[in-house]
1. Considering segment 144-163 alone, what residues qualify as being surrounded by fewer than 18 Cβ atoms within 10 Å (Cβ to Cβ) and within 20 Å of the chain's Cα centre (by Cα)?
2. Restricting to segment 317-333, give me the number of residues that are assigned to a loop (DSSP other than H, G, I, E, B) and either among the small types (Gly, Ala, Ser) or buried (at least 17 other Cβ atoms within 10 Å of the Cβ) (or both).
3. Select from segment 112-132 the residues that are farther than 20 Å from residue 165 by Cβ and not basic (Lys, Arg) and write down the one among them that is surrounded by the fewest Cβ atoms within 10 Å (Cβ to Cβ).
4. Aliphatic (A, V, I, L, M), modelled with pLDDT of 95 or more and out of contact with any Lys or Arg (no Cβ under 6 Å at 6 or more places or on another chain): does that describe residue 233?
5. Whether any residue in segment 285-299 is under 22 Å from the mean Cα position of the chain (by Cα), within 16 Å of residue 341 (Cβ to Cβ) and modelled with pLDDT of 95 or more is what I want to check.
6. What number of residues in segment 93-122 are in contact (Cβ under 8 Å) with a residue 60 or more places away in the chain, closer than 19 Å to residue 156 by Cβ and of a type outside the set (Ser, Thr, Tyr)?
7. Any idea which residue in segment 225-243 is nearest to residue 275 (Cα to Cα), counting only those that are touching a residue at least 24 places away in the same chain (Cβ under 8 Å) and of a type in the set (D, E, K, R)?
Amino acid sequence: MGKSKSSSKSASKLAKKAKQEEKAAKSELKAIKGKGKEENLEDILAQFQEEWKTKHAVKEEVQLAAPSRRLNATFTAHGDHLWLIGGEYFDGDKAYLYNDTFRYNPDKNEWRLYTSPNAPAPRSAHAAVAIPKDGGQIWLFGGEYANPSQTNFYHYRDLWMFSLKDYTWEKIETKKGPTARSGHRMTFWKQYIVLYGGFHDTGVKTSYLSDLWIFDTETYKWKEIEMRATDRAPGARSGFSMIPAPEGVVIHGGYRKEYLKGSKSVGMALEDTWLLHMDLDLTKFRWEKRKKGGLAPSLRSGTSMTHWSAKGLGVLFGGVLDHESDEDLSSVFYNDLYTYNPSTSKWSLLTINAKKKKMGGSKKRRAKQAAAVDSDAMAVDEDVDMDAAVEAEEGDSDDEADQKMAVDGKTEGNETPDAPVLPLTRSNAMIAVLKNTLYIYGGSYETEKREYTLDDFFALNLEKRDGYKVLRETVLDAEVWHGSDDEDQMDEDDDDEDDEDEDSEDGSSDEDE
């Protein structure tokens, strides 16, 4: 009996010990597994960091020359530099789209290229705006892509932020926002990026847009601003000008096509100007159509406008006016320069101070410039009477008078003004103002025979206006063109016949962008 009780206690102790050992083994195994998980997590994080570094690795290269010929890139000023992003080039046979990010340093006359795996895809006709946040950022939205044969066409609706502090791109994911588009415009007011208009091409029909969006750079959220049906508004358009103003945003001009029932689409250049009155209370936004004051540019599309922040003015350059008939399409290009004052809604013509030289001085440069301009094109707006321009502004204040200057052919003694060097007439140039200097890069120019994509680069001191500085010349004949003049004419004739046979749409044009 006693032996049996003793055996029972011994067996109980052994069972308890075995249970404790089993529990300890489980705890040890759990600890080992936990340690393995921690090690795996560390490995995963390390791998993620390496992948991020690889994806965001920035390669910076000094360029021996300016960027290649291109159109519909963005040209943005911030701090001491200019930034050129993306663009397109067509050689008569193939289209090339770019996703380059270039920085220009005016002090050194130096271009640098920044590349990284994490960057927006190749595109053109996108919109970009610089803001001062976190050392400077450039925000980019939308744009378009076409394959080399231009048989496939795609619009983007992605939003990207480029840090000017570490030169990295970041794609910003948002729940909602503007639809895919090209030819829209963006600017910055307070903490908001403002986006308006553009177009979307399905390949069958081109739709022009009139929606208004703001993006809050603090909350990273889009909001569509919807007006009442009874409110006046600019209407659908693309390829227009857009600048910030103390009260909000100004838009001017642009292009759209109107589709008439039973006939082909008709392109329309626009010349109206609107002010968007903005408020931190987002329900108080309203559009105001501005009266045309001063000496305004003539009707045209494909103009380029940028903000001269030091003076609070818009600066508009160039453009093109197409004269279309059933038999022919001719284009007049411009290279004139205007300012727009949002506070007074007044336009002023800017012309260049003629440098005085002794009679008999060299006219080589003047002859070279004249030879470069095709007889079809205009160097300045024919509608502007230079003498009248001066007379109309005689009553201006000193500040307003300082915004423009007419070339005066009357000089004293035997001195004569040397004809100023002017950029070739063009549309869709890329322009920006940095430290009171206007920079003009590239653009599009056409003759009866073919079209040219320019790669020249100019600088103009807007306060002195004592002549354009040529930073890079373009050589028209140096551009390789694979299109055939005869084939182009046949294609145009075929297109005209197709338009007459059916109500088809033309797709986008340079004026759209």
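The values are calculated or read from the model by the stated rules, or taken from the named source; none is laboratory data. Model, not experiment: these values are computed from the prediction. Because the Cβ atoms are built from the backbone with ideal geometry, glycine has one as well, and the counts that use them run over all protein chains shown.
1. Matches in segment 144-163: 153, 154, 157, 163.
2. So the count comes out to 1.
3. By that ranking, first place goes to 121.
4. yes
5. yes
6. 2
7. If we take residues in segment 225-243 being touching a residue at least 24 places away in the same chain (Cβ under 8 Å) and of a type in the set (D, E, K, R), then 232 is nearest to residue 275 (Cα to Cα).
Results for (1) free of Cβ contacts under 8 Å to residues at least 60 places away in the same chain; (2) more than 26 Å from residue 82 (Cα to Cα), shown as yes or no for each residue.
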| position | (1), (2) |
| --- | --- |
| 216 | yes, no |
| 222 | yes, yes |
| 245 | no, no |
| 248 | yes, no |
| 269 | no, yes |
| 273 | no, yes |
| 282 | no, yes |
| 301 | no, no |
| 305 | no, no |
